[in-house]
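Asks: Before I ask anything, here is the structure I am working with.
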Amino acid sequence: MDRFDAESKAYLKNEKTHAIIFSIGINDSRKINGNSAVSPDKFRKNIAELIKRAKRHPSTIIFIGLPPIYPDFVQWSETETYNIKDIQKYKDIIKSVCEENKVHFVEIFDELKKLNYPELLQDELHYNTKGHKKIFEIIKRFLVENKILDFRS
């Protein structure tokens, strides 16, 4: 939220910008000392506000869903934890707000869960090179199928 206006000025200054792609939410879904870093209600409002701001630009708006972690519960530090159920809940919030606002949503959580996704992680939270390639392939397929971008060239 804090960076959108400054970054949109930097990246959206020419009219050739075709799409605004958001990939956010994992850190918002984490718990700090047992409390949500960003409450689900605040997260929903933030997504809606980002969409509102993005709609000021003549670009296609796309949100990338959240990826799964492994194992299902990760103690990242003394105070921070990640839970796959929370990640899925925040992913569902993004999807719901996108549907309400007629904005594109790319499902990667379910797509990655169909694979042996722990092999695509470099640690419990972050995807390795193969994982990022697989995420790119999912997003590329979505963009082509929805006629947002043409990758033929």
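Asks: Can you find, within the stretch 1-55, the residue that is farthest from Phe73 (Cα to Cα) among those that are of a type in the set (Ser, Thr, Tyr) and not in a loop (DSSP other than H, G, I, E, B)?
Replies: If we filter the stretch 1-55 for residues that are of a type in the set (Ser, Thr, Tyr), which is where we start, we get 8, 11, 17, 23, 29, 36, 39.
Next, from what is left, pick out any that are not in a loop (DSSP other than H, G, I, E, B): 8, 11, 29, 36.
Numbers: Ser8: 35, Tyr11: 36, Ser29: 12, Ser36: 14 Å.
Restricting to residues being of a type in the set (Ser, Thr, Tyr) and not in a loop (DSSP other than H, G, I, E, B), the top hit is Tyr11.
Asks: Follow-up. Do we have Ile138 as within 19 Å of Ser39 (Cα to Cα), in contact with a helix residue (DSSP H, G or I) (Cβ under 8 Å, 6 or more places away or on another chain) and of a type in the set (Val, Ile, Thr) here? If you could, list the steps in order and put the result at the bottom.
Replies: Numbers: within 19 Å of Ser39 (Cα to Cα): no; in contact with a helix residue (DSSP H, G or I) (Cβ under 8 Å, 6 or more places away or on another chain): yes; of a type in the set (Val, Ile, Thr): yes.
Against the criterion (within 19 Å of Ser39 (Cα to Cα), in contact with a helix residue (DSSP H, G or I) (Cβ under 8 Å, 6 or more places away or on another chain) and of a type in the set (Val, Ile, Thr)), Ile138 does not qualify.
Asks: In the stretch 90-138, what residues are under 16 Å from Ile47 (Cβ atoms) and among the polar types (S, T, N, Q)?
Replies: Ser96, Asn101, listed by residue number.
Asks: Still on this structure: Looking at the stretch 111-141, which of its residues are aromatic (Phe, Trp, Tyr) and in contact (Cβ under 8 Å) with a residue 40 or more places away in the chain? Steps first, answer last, please.
Replies: Taking the stretch 111-141 and keeping what is aromatic (Phe, Trp, Tyr), we get 117, 127, 136.
The answer is Tyr117, Tyr127.
Asks: Would you call Ile51 farther than 20 Å from Leu143 by Cβ and at pLDDT 95 or above? Break it down into steps so the answer makes sense when it comes.
Replies: Numbers: farther than 20 Å from Leu143 by Cβ: no; at pLDDT 95 or above: yes.
In short, no.
Asks: Still on this structure, please answer the following. Which numbered condition in (1) under 21 Å from Thr81 (Cα atoms); (2) touching a Cys at 6+ places or on another chain (Cβ under 6 Å) is the only one that Phe63 fails?
Replies: Only one criterion in (1) under 21 Å from Thr81 (Cα atoms); (2) touching a Cys at 6+ places or on another chain (Cβ under 6 Å) is unmet by Phe63, namely (1).
Residue-wise test of (1) more than 16 Å from the chain's Cα centre (by Cα); (2) over 14 Å from Asn27 (Cβ atoms).
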| residue | (1), (2) |
| --- | --- |
| Glu78 | yes, yes |
| Asp86 | no, no |
| Lys91 | no, no |
| Ile94 | no, no |
| Val97 | no, yes |
| Val103 | no, yes |
| Leu115 | yes, yes |
| Pro118 | yes, yes |
| Leu121 | yes, yes |
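Asks: Looking at (1) of a type outside the set (S, T, N, Q); (2) loosely packed, with under 15 Cβ neighbours inside 10 Å; (3) modelled with pLDDT under 80, which is the only condition Leu12 fails?
Replies: Result: Leu12 passes all but (2).
Asks: Separate question: Quick check on the stretch 6-47: of everything there that is of a type in the set (A, V, I, L, M, F, W, C) and closer than 22 Å to Asn146 by Cβ, which residue is nearest to the chain's Cα centre (by Cα)?
Replies: Ranking the qualifying residues of the stretch 6-47, first place goes to Ile24.
Asks: For the stretch 61-153, give me every one of the helices (runs of 4 or more DSSP H) that falls completely inside it and has 1 or more residues that are surrounded by 13 or more Cβ atoms within 10 Å (Cβ to Cβ) and among the hydroxyl-bearing types (Ser, Thr, Tyr). Write out each step before concluding.
Replies: Details: elements: 84-100, 109-113, 129-145.
Output list reads 84-100.
The values are calculated or read from the model by the stated rules, or taken from the named source; none is laboratory data. Note that the structure is a prediction, hence the values are computed from the model and not measured. A quick note on method: Cβ atoms are made from the backbone with ideal geometry, for glycine too, and the neighbour counts reach across all protein chains shown.
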